[in-house]
Structure formats: structure tokens, C-alpha cells
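For reference, the structure discussed in these notes is given below.
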Amino acid sequence: MLQELSIQNLALIENLTLNFKNGFSTLTGETGAGKSILLDALGLALGERADSALVRHNTARADVSALFDLEQLPHVQDWLIEQELDDDRQCYLRRTVTSEGRSKAYINGRPIPASQLKSIGNLLIDIHGQHEHQSLLSGHQQLTLLDAYANHPKLLDSSKNYFKHWQGLKHKLDHLLSDQADFHSKLELLQFQHNEFEETAPLPGEFAELSEEQSKLSHASEIKQACQNAYEAIEGERGASDQLNQAIHELESIIDFSPALESSLKQLNSALIEAQEAASEIQSQAESVEIDPLYLQTIDERLTQLFGLAKKYHIDPEELIEKQQQIEQSLQELEASDQSVDELKTEIEQAWSDYQTAAKALSQSRHKAAKKLAKIVTDGMQQLGMPNGQFEVRLDESATASATGLDKVEFRVTANKGQPLQALAKVASGGELSRISLAIQVATAEVASLPTLIFDEVDVGIGGGIAEVVGQKMRQLGQHKQILSITHLAQVASHGHCHLHISKQTEADQTFTHVMELDENGRIEELARMMGGLKITEQTRNHAQEMLKVAQQKTT
């Protein structure tokens, strides 16, 4: 329930705090006094688009906040807990808008995106606008209203989810079939490439090993000769070994006289051992090198084969193994695609069957609700001055599937006895359409889960005894919901449990909007103003007093 609305620097409102009560509250005032501003303010708090034009002239920022009691709204409390925005069964929404158009939003003091205000606002308040009857001509809106009346969100969700699953599988199949458009040419190319790699049969690390072997065989003579020369330089006559031995002999002969040379002697002995080991390795390497022109030719041919395949695919020879794996994987996927198509078609058939089952259950619920809604709206039309009015909700199977099922809906009416039911847009005059819209809104409001309903001048074009009935219906709704109605009709305003008056005043070249709750005398005066002309007579006041007395005695 909406408990409080606070507004600062919004349009004509400088600083205003409104406290709202349970039941049916009416808001009245002269045209242009600022009634629409209150709805604009509430819309901001509920996440509607922010407009810098709403910021009061010569102020930097507008600030709007709304306080809601969630005692009877456990699902809203659950939403806040899920979003980590809960605050002890209360919900405090706040929105600021700067004169430059920047906007900030808060829930229970925590900054959040404006979209979250919109989400929670949809759980708190339903606003029925004065031009809403125009949208009733839309089949989509008619279906939406019927679903709201049927109150079957789980069936709607089920239909939506199955439809999305079926549609997703269809898109996947379309993509797969598109890829298969040149299936045979792709398959032929991949098979050729696969065979080409199979014939060449590159091995991991093969290219590097063969390149090293080729280099070795190509320079076998040079390697042998260099190794022999190196060996002779170490072990040959007057080679490095002989020179080191002589140096060692010379130092050993004087070591007793010069102990400081002990370290140098050890180094020379180590050098001799390392030189001899190196010479042995060099000799072994020289003996292992073979001069084999036939083997070299074989290696050259294999490297040429690997180079040729790599060049054809614009890759380095070292990447041949990776390329071969890619070709094999693509070939496997393409060969398996035929099987994937068959499997997808089976899945699509099952998904369509599941969707049809969900859509059928949804349709059955709609047909059941349609009968009830037709009776209630028919009764409402007759109470609103169309004694021969009849209302019907016609459901037919749609030519195309959608997330909302397989139904298309058409509201059909007749206002005159003996006239056949026809589409709402064809038979209703402006005044009739307004009354039919009100009957539908009242009917759907009775089953709405939202605790607060706002009617914004939905009684335009209605007067006399019909307006009296409208007031009674609003009061009746107020027995179990919080109802706020902006109205120009005294007959409606007199039925309110509470009456708020909106006025516009000019002070020091500034214009301000004020709102105050009227006491009994104030209500009589306001009702008299709404009924009278330029001058309010005592007779008009007496009429207003009697109207208020009778309306407040109503128990419906």
C-alpha cells in the first residue's frame, strides 16, 4: 500500500508531502491545478523516464520519494530480499532528476538502476489512464487484459519457455541446413585434403629432425676433416696434450721450492684431463659421420615433400600436424551433420508437442476466464447506462505461434437490443467506449494482485446517474484495495473515503501547487464547486451536502 509521497521542486510543486490511507481516495481540483503532476511524480518514483523539463524553474534538482507498506505483500518482500534491498517490510523508493537531465534512483536508500524501480513498481501499483479505452481496440491489449483477469502467470511462463525452446531449436536447424547447402563440395574437398595428409603422413618433430640430419650429411666431409684436425691439435705430436704435459712436468720439478704454484699445477692437470676427454669425443663423432649420398637424397626428397605440402596450405612445415588434425575434425563434424539434422528434427517435434500442450492448457484457462469476464463486464455495462448491453470475449486459434500461445482474442459488444455482437472498434461510440473501458477496468481490478490502483479521469464523458454508479463501484473496490481516483465528477468524488483537494496559488510572482485533505465542510464546498457554475449558491451547497451524506451512507 502507498503510504506517503514526497515531492520537492517538481514542476509547480516546491515542497509537498502526501499521506495516503486505505480505501477509496479522490483527488479533485480545477483544470491545470497540478493533478497530473502528482501522477508524473509517482511515475518518476516508479521508474518512468526522467525528463529535465519537470524540474522546477530556477532549481537544480527535483526529488521524489514514495513509501510503501509491504505487510500484505510477501512476494514483494521476497523480491527485495533476492535483490538484497530489503528493509523490514517497507519499501522506500526515491528518484532525483537534475535540470541537466541526469537521474539517480534508490530503493531503501541503496542506489540502483532505474529499471529496478520499474520492476518493483509493476508489483506495487496499477495506473488506469483516461485514454486507456483507445488501447482496448488492440487485440494485443485485449489478450493482455484477459490474461490479467485469468491470473495464470505460471501457464503464461510455461508457454513462453516452451516457445523459446522450440524457436531456438528451429534457428539451430536453419543454421545447420544453411551450412549444408554446399555439403557435397565441402565433403569432397575435406576428403581430398585428408587423403593428401594421409599420403604424406607427417610425424611430430619429423621436420626438425630431418633438417638437422640433412645439414649433417650435407657437410659430412667438412665435419670429418675438422674433427681430425681438432684431434691432431690436441693429441698429435707437439699437440695440446704434449704441451700441457711438459708444463706439468716443469712445475712438478720445482713445486717443493715454490708451494704457491700448487694451485696452478692442479689447474693444468684438470685442463689436461678435459682436453683428452674432448679429443676422445671429437674422434668418436668423426667416426660416426658417414658419407652416404643415397641416404642424403632420401632425406632431401622427404623434406621437399613436407615443404611442398606446407606451402600448399600456406603454413610452416612445423604446423603440418596441427593442420591435419583440423582437417580430420572438420571432416568428422561434416560427416556427422546428417545425423545432427535428424536428431534436431526429432527434438523440434518434441519441443513443438510440449509447446502445444502448454498453449492448450493456457487456452483452456483463457476460455474459462473469458466466460466469467464477459458476464461481469456485461453487468457493468448495464449498470453504466447500457441496459441492453452485451459483452463477449471471442477466442480463435491464431495463424501463427507466439510466446503467448496460439490464441487471438477479440472483444465483441453490442449496446442495443436486437443488434449482433461486433468487434469493439466497430460498434462503440466515444461515450460508450469510455463506459465499456471502465467496466472492463473495474472487472479486472477486482482480481488484480496489485494492492494499489489509480484511476486517472477514466470517468471522462460520463455524468448523471451513471457517474453515481461509477462512484459506487470505486467505493466497492476500496473495501479490499487502495483506490486513488483523479476525477472531475462530484458524484464520484462524494463516494471517497478520503478527499484530497489540489489547488494552484500565486505568491510573490511564483506559482505553487498545494494539496490538502478536506474535512466534511471542505468536501461540501468542493463538491458544490464541481457541480455549480461561476457562483456557488446555497442551493448548490445543500445539494452537495445531501450528495455527500447519501454517498457516505452507502455500504456497497
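The values are calculated or read from the model by the stated rules, or taken from the named source; none is laboratory data. Bear in mind the structure is a predicted one, so any value in this text is a computation, not a measurement. Cβ placement follows ideal geometry from the backbone for every residue including glycine, while neighbour counts extend to all protein chains displayed.
Some points to look at:
- Candidates T444, T506, filtered to the one that is in the same structural domain as T17 (by TED's automatic domain parsing), of a type in the set (S, T, N, Q), out of contact with any Cys (no Cβ under 7 Å at 6 or more places or on another chain) and outside any loop (DSSP other than H, G, I, E, B): T506
- With respect to (1) under 30 Å from F183 (Cβ atoms); (2) surrounded by 13 or more Cβ atoms within 10 Å (Cβ to Cβ); (3) at pLDDT below 85, the lone exception for I327 is condition (3).
- Taken over the stretch 63-93, the criterion of being among the polar types (S, T, N, Q) and free of Cβ contacts under 8 Å to residues at least 24 places away in the same chain is satisfied by Q77, Q90.
- Number of the condition not met by K186 [criteria: (1) in contact with a Gly (Cβ under 8 Å, 6 or more places away or on another chain); (2) in contact (Cβ under 8 Å) with a residue 60 or more places away in the chain]: (1)
- Checklist (1) farther than 30 Å from L331 by Cα; (2) at pLDDT 90 or above applied to D242, failing item: (2)
To keep it simple, each residue is scored yes or no on (1) farther than 30 Å from E198 by Cβ; (2) aliphatic (A, V, I, L, M); (3) over 60 Å from the mean Cα position of the chain (by Cα).
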residue: A226; (1), (2), (3): yes, yes, yes
residue: A230; (1), (2), (3): yes, yes, yes
residue: A247; (1), (2), (3): yes, yes, yes
residue: D256; (1), (2), (3): yes, no, yes
residue: S284; (1), (2), (3): yes, no, yes
residue: G308; (1), (2), (3): no, no, no
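- Number of positions in the stretch 104-114 that are part of a strand (DSSP E or B) and in contact with a Phe, Trp or Tyr (Cβ under 9 Å, 6 or more places away or on another chain): 3
- Residue check for L156: touching a residue at least 60 places away in the same chain (Cβ under 8 Å) and either over 23 Å from the mean Cα position of the chain (by Cα) or within 18 Å of I81 (Cα to Cα) (or both): no
- Subset of the stretch 225-245 that is charged (D, E, K, R) and more than 21 Å from S284 (Cβ to Cβ) - its residue that is surrounded by the most Cβ atoms within 10 Å (Cβ to Cβ): D242
- All of A359, A351, A286 fail the test of being buried (at least 16 other Cβ atoms within 10 Å of the Cβ) and closer than 30 Å to N229 by Cα, apart from A286.
- Scope the stretch 313-333; condition touching a residue at least 24 places away in the same chain (Cβ under 8 Å) and either not assigned by TED's automatic domain parsing to the domain that holds L203 or not hydroxyl-bearing (S, T, Y) (or both); matching residues: P317, E318, L320, I321, K323, Q324, I327, E328, L331
- Of the listed requirements (1) surrounded by fewer than 19 Cβ atoms within 10 Å (Cβ to Cβ); (2) on the phi < 0 side of the Ramachandran plot; (3) charged (D, E, K, R), D509 misses just one: (2).
- For S365, the stated conditions do not hold, so it cannot be described as in a helix (DSSP H, G or I), closer than 23 Å to K186 by Cα and in contact (Cβ under 8 Å) with a residue 60 or more places away in the chain.
- Scope the stretch 1-10; condition over 29 Å from H75 (Cβ atoms) and either in contact with a Phe, Trp or Tyr (Cβ under 7 Å, 6 or more places away or on another chain) or crowded, with 20+ Cβ neighbours inside 10 Å (or both); matching residues: N9, L10
- Single residue of the stretch 246-270 satisfying the filter (of a type in the set (G, A, S) and out of contact with any Leu (no Cβ under 6 Å at 6 or more places or on another chain)) that is surrounded by the most Cβ atoms within 10 Å (Cβ to Cβ): S264
- Of all positions in the stretch 464-485, none carries a residue that is surrounded by fewer than 16 Cβ atoms within 10 Å (Cβ to Cβ), in a strand (DSSP E or B) and modelled with pLDDT under 90.
- Here E14, E48 are screened, and the one residue that is on the phi < 0 side of the Ramachandran plot and either under 33 Å from the mean Cα position of the chain (by Cα) or among the small types (G, A, S) (or both) is E48.
- If the condition is being outside any helix (DSSP H, G or I) and either β-branched (V, I, T) or on the phi > 0 side of the Ramachandran plot (or both), then the stretch 181-208 contributes A201, G205.
- Across the stretch 61-93, the qualifying residues are those that are modelled with pLDDT under 85 and surrounded by fewer than 16 Cβ atoms within 10 Å (Cβ to Cβ), and the one among them that is nearest to N19 (Cα to Cα) is Q90.
Quick grid of which residues meet (1) over 28 Å from S36 (Cα atoms); (2) buried (at least 16 other Cβ atoms within 10 Å of the Cβ); (3) polar (S, T, N, Q):
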| residue | (1), (2), (3) |
| --- | --- |
| A370 | yes, yes, no |
| L373 | yes, yes, no |
| E397 | yes, no, no |
| A415 | yes, yes, no |
| Q419 | yes, no, yes |
| E432 | no, yes, no |
| V447 | no, no, no |
| I454 | no, yes, no |
| E457 | no, yes, no |
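- For the stretch 60-78, a tally of residues being within 26 Å of S99 (Cβ to Cβ) and among the acidic types (D, E) returns 1.
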